[in-house]
Amino acid sequence: MRILFLTRVYPPTVGGMEAFSYNLIANFRKLNKKTWIIANKKGKKYLPLFLPYSFFKSLFIIKKNEIEYLHLSDALMSPLGFLLKILTGTKTVVTIHGLDITYDNFLYQKIVIFSLKRLDKLFCVSNHTKKECLKRGLEESRCSVIPNGVNPKGYQLSEAKSKLLEKLSEEISIPLENKTLLLSVGRLIKRKGINWFINRVINSLPKNYIYLISGDGPERQKIQQSIVKKKLENRVYLLGKTGNNLLKLLYNCSDVFIMPNITVKGDMEGFGIVILEAGSAGLPVVASGIEGIKDAVLNGQTGILVPERNVWEYLEGIKKAKKLQRKLIKNIIKNNFSWESVAEKYYRSIIEL
C-alpha cells in the first residue's frame, strides 16, 4: 500500500489531535513501509501557510510516488482532500473527531459536508461522532467507528505507590498521606463539568478526599472562585498545565479519575483520550455517560458511567470505581485500545477500499 498522511496538527505542539496523528502514523508505519507524511508542526498560527503548501506538496508526492491512498487528519482538511482526489484519483479517507463535524458555522458546514460526501471513507472516533455525521446526511455505509488509542506502557510507573505518593506530594507541595485522590485532566471549559463537580459533589464526599485538577483554560477563574466560595482551598487544587512526568505520577497515585462532563450546545466530547491514559495506568474512571465518552469507558470494567449532573450517582460511582482492579483495567485497555491494534484496524479498513 502506498499511502500519504496529511495532518494539520502534529507534535511538538501538544493536544489530543496531535497525539492522535503522531501515534496513528507511527504505528501505521510499522505495518506499512510505503507511508509518507505531510504534517504541520508549527501550530495553528502556521495553518494559513500550511494549507496551500501541503496542497502542492501533496500533488508532487502523489504523482511522484504513485500514491494510492490519502488519509486526512480531520474533517477540516476534507475540502483539500476532495480537490486532491479530483486531480489525482487517489482514494481519500478522513478521521472525524467531533468538533470538526459539529462546528457551528453555516459556511463551514456547507463546504465541509459537501467535501465529506465525496470522499471514500469516513472514520469516526466514536459512535456519537458517527451519529453527528449521519445527522448531516453522510452515508452510513461509508462511516466506520474506530476508537482512539493509547500507548499501554506510556503512563505506567513500576515503583511502589507509597514511594510515588511521596514524590507527588513533594512535587506539588500538597500533603497527601492518608488521602483519597480524585483526579481530572483536561482543558478547563464548561463542557468538562469540573465547576459543577466542585459545587455539587465534593462537599458530599468524606473530608479525606482530595481533588486534583490538571489543565488550564477559560473557566479557571470561575473554578477558583467556586473553590473559595465552597471553602475547599484545602481539598481542591488547580495544578495548571502539567508536564508528562508529573502527569504519570498523577495517574499512578490517584484513586479515581473523574470526567464529570455536561452537555453544552455546539460543543461535544468526541472521545476522551485522557480516559485511556488513566486506564493504561490502571486508574478507574467515573464519567458522565454522554457523547463519545461512552466509547472510551467499558462500564463496570474500566470505570463507571453515570448520568450527567447526578450527584447521588457520582457518589455511588466513586464507591464502585474504587473496587475495580487496577491490573485488570490495564489489561482491558491494552487489549482494546492500544495504538498497535487501532493502526491495524485502519490498515485493514483502508486496504479493503
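Packing, as the average of other Cβ atoms within 10 Å across residues, places the peptides 147-153, 38-44, 238-244 in the order 147-153, 38-44, 238-244, highest first.
Based on the Cβ-Cβ distance of Arg118 and Lys265, what FRET efficiency does E = 1/(1 + (r/R0)^6) give at R0 = 30 Å, to the nearest 0.05? The pair Arg118/Lys265 has a calculated efficiency of 0.55. Sorting Trp312, Trp339 by accessible area puts them as Trp312, Trp339; the probe is 1.4 Å, largest comes first, and only protein heavy atoms count.
Accessible surface of the chain, 1.4 Å probe: 51 percent of it comes from carbon and sulfur atoms. Extension gain, Lys163 to Glu139: 0.36 nm times the residue separation minus the Cα-Cα distance gives 3.3 nm.
Sketch the reach of a paramagnetic label on Asn127 as a point 7 Å from Cα along Cα-to-Cβ, and name the residues of segment 300-335 whose backbone nitrogen lies under 15 Å away. What the label zone holds, given the 15 Å backbone N cut-off, is 300, 305-306.
Across segment 29-40, coupling constants 3J(HN,Hα) worked out from phi with the 6.51/-1.76/1.60 Karplus curve, θ = phi - 60°, read 4, 5, 8, 9, 5, 7, 10, 10, 9, 10, 9, 8 Hz, and Gly and Pro carry x. Ligands, DNA and RNA aside, Thr88 has an accessible area near 40 Å² when probed at 1.4 Å. Looking at segment 71-183, the accessible area is 47 square angstrom per residue; that uses a 1.4 Å probe and ignores ligands, DNA and RNA. Computed from backbone phi, the HN-Hα couplings of segment 347-353 come to 4, 5, 5, 6, 5, 7, 5 Hz, rounded to whole numbers (Karplus: 6.51 cos²θ - 1.76 cosθ + 1.60, θ = phi - 60°; Gly and Pro given as x). Probing with 1.4 Å while keeping every protein chain in the model, the per residue accessible area of segment 217-353 equals 45 Å². Counting only DSSP beta bridges whose two residues both lie in the chain, roughly 5 percent are antiparallel. Of the peptides 30-36, 300-306, the order by per-residue mean of other Cβ atoms within 10 Å, starting with the highest, comes out as 300-306, 30-36. Taking amide H as placed 1.01 Å from N in the peptide plane, the amide H of Leu70 sits under 5 Å from that of Leu4, Lys91, Thr92, Val93, each at least 5 places away or on another chain.
The values are calculated or read from the model by the stated rules, or taken from the named source; none is laboratory data. Everything numeric here is computed off the predicted structure, so don't read it as measured data. Cβ sites come from the backbone with ideal geometry, for glycine too, and all protein chains shown count toward neighbours. These area figures cover heavy atoms from the full protein model, side chains too; ligands, DNA and RNA do not enter into them. Shrake-Rupley method; radii C 1.70, N 1.55, O 1.52, S 1.80 Å.
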